[in-house]
Amino acid sequence: RGGGAGRDARRRVSVVVDDPEGCPRFTATVIDDVQVGVSPAWMRRRLDAAGVRPINNVVDITNYVMLEMGQPMHAFDLARISGGRLTVRRARPGEALVTLDGTPRALDEQALVVADDTHPVSLAGIIGGQDTEIAAATATVLLEAAYWDPPTIGRTSRRLGVRTEASARFERGADPAGPGLAQRRAGLLLAEVARGRAAPGMIDVFARRRPRAPIRFRPSRATTVLGIEVPRAEMIRTLRALGCEVTPGAAVLTVRLPTYRPDLAGEEDLIEEVIRIHGYDRVPLTLPRGVTAPGTVSAPVAAERRVRGALIRAGLTEALTLTLVPAGSAAPPDGDQVRLLNPLTAEHAALRTSLLPGLLRVLALNASRRQHDVHCFEVGRVWRRSNGGRPEERRAAGIAVMGRWRWGWNVAADGVLADLYHLRAMLDALLEELGVAGYGVAAGTPAAFQWNGAAWWHPGRFGELSLDGHVLARFGELHPEVVERERLPHRACLAEVDLEMVLAAAGSIRTYRGLPRYPEVERDLAVVLPEAFAASAIERLIRETAGPLLEAVELFDVYAGPPVPPGHRNLGYRLRFRAPDRTLTAPEAEEIMARIRTALENQAGGRLRA
């Protein structure tokens, strides 16, 4: 192990691979009597032309071989390798490495390193360490060329934020047979450029061989796929010219792939290689033959198109926001976030649990650009952490309105400020388009929904649409503190629809009724009720009591103040009755009204007003 030029490299250096999955093959050679200096002009020119900065002749040779053969290499100063032994292993807790760029890097237990007897000397397949780099006084070089597992290199490079020419090649898949060829080529160049002498013997630890199964290639199948006849002999000649071993058969060719083509994995890849060499320009233009069938739209896509169409007709513009959000920020409604293992930035470290924060950013961004009238929606996915297994992914629709609303023939030219009632009308239009009936509205509990630890909804302007105990949508006005924090010029109203629940309740068949043939009978009703009594409960009671002849119920007036007692309000309803088979008479309408008045007095405690 000690020294002595000319001694067999395998007696001077030992290599141990503790992680054969991460490093299937590791080779090393020893080059003695190296004279470190400036590379010749021809090599510097070629490296400059390839965008690689020349450093010294030893390092330049490793870069030159990498560009020439596609095999990254690394040169160590053998005198700085403690114990004369290299070990390929995972980093240990607390280990660090100062890389060639002078940056100290804390290593985690997933990082693959090359270490000597005391500490890591290289971040495997990515970048070397500073304390074993080639210097002017280096006399003996330990040259390393290896094949590294592509996913391992890619994950480590992204996790540590280090991307090099070597890591870019390894994470895409290198040639398992390349290390030995690269060692011989580098040895010749070191002898020519740096006057080095290669010690006999090459250390080659082939920890895990990866044999590739041959591919069955059918020329008849290639003709079917390509639509033209390529001669069988030309196919064989093309594949052999690409480095494949071809064993002809009666109807099938057995093709063994070269190690430097990891991109070839199946018969279709070989067909593509054949036509690439044969020439795409030699494929004639022809019309499709055979029976063609029109394509169909899948049910989920068709449902989302209906949702988008309904919201666009409601006067909204579609927006698209990011699915990634900062980790640790709870979204309304609060839920467990699904965090990424390898986030690119801290701002994009988790999957969103709601569409509303993204739409709020849309409002804030437009407001900062002096666009104060914004009415938009988004249809997308949200994710929640499930109890074991894969995260739960759900479809959702979000709506955000702010500023003046100018739609409608009866709206003034300068518009009106959009409010909660505009938002509720959009939700009703959406549910009507999807055929959802029988849902109810109720006040929500805004305190349960927060964003970044702060209140999200206005305490008195937040509601829910529900059906059979399941919440279909939540809607409300933003809390004034949120409006002030985001510097919005007007109050903003937002809603989020659970499309999974809505589409499950949507009617699959739409029914239509003919235009009425008989006139309607209208009656007005005014009732005084406690403020705690929900108007929706009154409407439901009126519909249940009136029966099938009641066609519509419209709340047209709400009044609180003298002479109405404190804590009460007066609700004015307009009722429309119609019989489908005859003209409804006034006595029949009065009989129904009497039943409704009795029900309101007895069941709701209401006091009727004249």
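Couple of notes before you dig in:
- Residue check for Arg595: at pLDDT 90 or above, basic (Lys, Arg) and in contact with a strand residue (DSSP E or B) (Cβ under 6 Å, 6 or more places away or on another chain): no
- Meets criteria (of a type in the set (Val, Ile, Thr), open to solvent by less than 60 Å² (accessible area, probe 1.4 Å) and modelled with pLDDT under 90) for Val558: no
- Tally of residues being out of contact with any helix residue (DSSP H, G or I) (no Cβ under 8 Å at 6 or more places or on another chain), crowded, with 16+ Cβ neighbours inside 10 Å and outside any helix (DSSP H, G or I) across the stretch 176-205: 2
- Qualifying residue in the stretch 106-118 (condition: in contact with an Asp or Glu (Cβ under 9 Å, 6 or more places away or on another chain), surrounded by 18 or more Cβ atoms within 10 Å (Cβ to Cβ) and in contact (Cβ under 8 Å) with a residue 60 or more places away in the chain): yes
- Those residues of the stretch 109-146 which are within 13 Å of Val162 (Cβ to Cβ) and part of a loop (DSSP other than H, G, I, E, B), in sequence order: Ala111, Ala124, Gly125, Ile126
- Residue list for the stretch 290-315, filter: outside any helix (DSSP H, G or I) and in contact (Cβ under 8 Å) with a residue 60 or more places away in the chain: Ala314, Gly315
- Candidate set: the stretch 479-535, residues that are outside any loop (DSSP other than H, G, I, E, B) and of a type in the set (Gly, Ala, Ser); chosen: the one most open to solvent (accessible area, probe 1.4 Å): Ala504
- Those strands (runs of 3 or more DSSP E) lying entirely in the stretch 211-259 with at least 2 residues open to solvent by less than 70 Å² (accessible area, probe 1.4 Å): 215-217, 253-256
- In summary, Ser157 fulfils each of the numbered conditions (1) small (Gly, Ala, Ser); (2) part of a helix (DSSP H, G or I); (3) open to solvent by 10 Å² or more (accessible area, probe 1.4 Å) with the single exception of condition (3).
- Of all residues in the stretch 477-488, those that are over 18 Å from Tyr421 (Cα atoms) have Cβ atoms under 9 Å from Cβ atoms of residues that are open to solvent by 100 Å² or more (accessible area, probe 1.4 Å) and at pLDDT 90 or above, 6 or more apart or on another chain, in Glu486/Arg361.
- One residue alone among Leu571, Leu575, Leu600 is in contact (Cβ under 8 Å) with a residue 12 or more places away in the chain, crowded, with 16+ Cβ neighbours inside 10 Å, more than 15 Å from Val528 (Cβ to Cβ) and touching a helix residue (DSSP H, G or I) at 6+ places or on another chain (Cβ under 9 Å), and that residue is Leu575.
The values are calculated or read from the model by the stated rules, or taken from the named source; none is laboratory data. Note that the coordinates shown come from a computational prediction; the quantities given were computed from them, not determined experimentally. Every residue, glycine among them, receives a Cβ derived from its backbone with ideal geometry; neighbour counts consider all protein chains shown. Areas reflect the complete protein model, heavy atoms only, side chains present, ligands, DNA and RNA absent. Shrake-Rupley method; radii C 1.70, N 1.55, O 1.52, S 1.80 Å.
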